[in-house]
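One structure below.
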Amino acid sequence: MNFLKTFLITFATYIGLNAVFLAVSIFMSPTFPLSDIYFVISTLFSQIMVTPGAALLGIAALIFAFDLSGLIVILWLMIPPLGAVIVGARLGDSGKFSFLSWFLTCVISCVVYILLLMLGASPLLSIPTIVFVIIGGVVNWICYGCFSYILSKGSL
């Protein structure tokens with residue numbers, strides 16, 4: 001399987017798993033703003049700015065105060081990237097392809113999220129927010145990219 005196929009499968013898995021968790025959150029919250037289309041679409045890409053360390057801290061917080069919605073959020077932050085890199089790693093021809101396909105997924109997610117924030121005229125959009133999104137994307141790329149490289153066919 002060449003690089004383009006590996007990337008498309010990784011990206012589709014990432015967005016698909018995010019869509020599943022978005023649907024769960026829509027059904028769990030009666031006040032979810034479905035009328036704000038920019039918010040709904042940007043929610044598919046917003047998890048790229050949350051680093052794995054922040055998600056793990058959320059798990060630690062759940063130990064002390066169990067909350068079902070908090071558990072869903074923590075799972076939403078960890079399962080889509082892990083699922084995408086595992087699928088990309090197992091279907092890619094090499095560790096390099098799977099690592100680079102996750103990199104491209106992170107870049108596209110960051111760019112799309114920033115563009116959606118700009119189009120939606122979000123009051124949260126500022127230079128520090130853009131830097132925060134980019135840093136989160138880089139940390140996610142490196143962390144999950146290493147998992148992708150390690151789990152790829154060529155390295156096992």
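Just to verify a result, which residue in the stretch 50-69, among those that are part of a helix (DSSP H, G or I) and not aliphatic (A, V, I, L, M), is surrounded by the fewest Cβ atoms within 10 Å (Cβ to Cβ)?
Residue satisfying both the conditions and the ranking: F64.
What's the number of the condition L125 fails, among (1) modelled with pLDDT under 85; (2) under 21 Å from F3 (Cα atoms)?
So L125 meets the others, but not (2).
Step by step: first the residues of the stretch 110-130, then only those that are touching a residue at least 24 places away in the same chain (Cβ under 8 Å) and under 12 Å from F45 (Cα atoms), then the one that is surrounded by the fewest Cβ atoms within 10 Å (Cβ to Cβ). Which residue is that?
Looking at the filtered set, the residue picked out is V112.
Kindly indicate whether any position in the stretch 35-43 is under 18 Å from G136 (Cα atoms), at pLDDT below 90 and either among the small types (G, A, S) or surrounded by fewer than 21 Cβ atoms within 10 Å (Cβ to Cβ) (or both).
yes
Taking only pairs six or more apart or across chains, which ones have beta-carbon atoms under 7 Å, a first residue in the stretch 131-155 that is at negative phi, and a second residue that is surrounded by fewer than 22 Cβ atoms within 10 Å (Cβ to Cβ) and of a type in the set (G, A, S)?
Listed pairs, sorted by first residue: Y149/G95; Y149/S155; S152/S94; S152/G95; G154/S94; G154/G95; S155/G95.
Take V40 and decide whether it is among the β-branched types (V, I, T), free of Cβ contacts under 8 Å to residues at least 60 places away in the same chain and in a helix (DSSP H, G or I).
Yes; evaluated as a whole, the condition is true for this residue.
Assess whether Y14 counts as being of a type in the set (S, T, Y), under 23 Å from G120 (Cα atoms), in a helix (DSSP H, G or I) and modelled with pLDDT under 85.
The answer is no for Y14.
I'm checking my understanding of the structure. Among residues of the stretch 37-89 that are closer than 15 Å to V133 by Cβ and of a type in the set (S, T, N, Q), which one is farthest from the chain's Cα centre (by Cα)?
S42
Which condition breaks for V107 when tested against (1) in contact with a Leu (Cβ under 6 Å, 6 or more places away or on another chain); (2) closer than 13 Å to F7 by Cα; (3) without any contact (Cβ under 8 Å) to a residue 60 or more places away in the chain?
(1)
Please list, ordered by first then second residue, the pairs with beta carbon atoms under 7 Å, 6 or more apart or interchain, first in the stretch 19-37 and polar (S, T, N, Q), second in a helix (DSSP H, G or I).
Sorted first by the residue in the stretch 19-37, then by its partner, the pairs are S25/I72.
Quick check: is even one residue across the stretch 70-81 modelled with pLDDT under 85 and exposed (fewer than 14 other Cβ atoms within 10 Å of the Cβ)?
Yes, some residue in the stretch 70-81 is modelled with pLDDT under 85 and exposed (fewer than 14 other Cβ atoms within 10 Å of the Cβ).
Please go through the stretch 92-109 and pick out each residue that is surrounded by fewer than 23 Cβ atoms within 10 Å (Cβ to Cβ) and not in a helix (DSSP H, G or I).
Passing the criteria: D93, S94.
One residue is enough: does the stretch 71-91 have a residue meeting the conditions assigned to a loop (DSSP other than H, G, I, E, B) and over 23 Å from I41 (Cβ atoms)?
no
The values are calculated or read from the model by the stated rules, or taken from the named source; none is laboratory data. Computed from a predicted model, the values in this text were never measured in an experiment. So basically every Cβ, Gly included, is an ideal-geometry build from the backbone, and we count neighbours across all protein chains shown.
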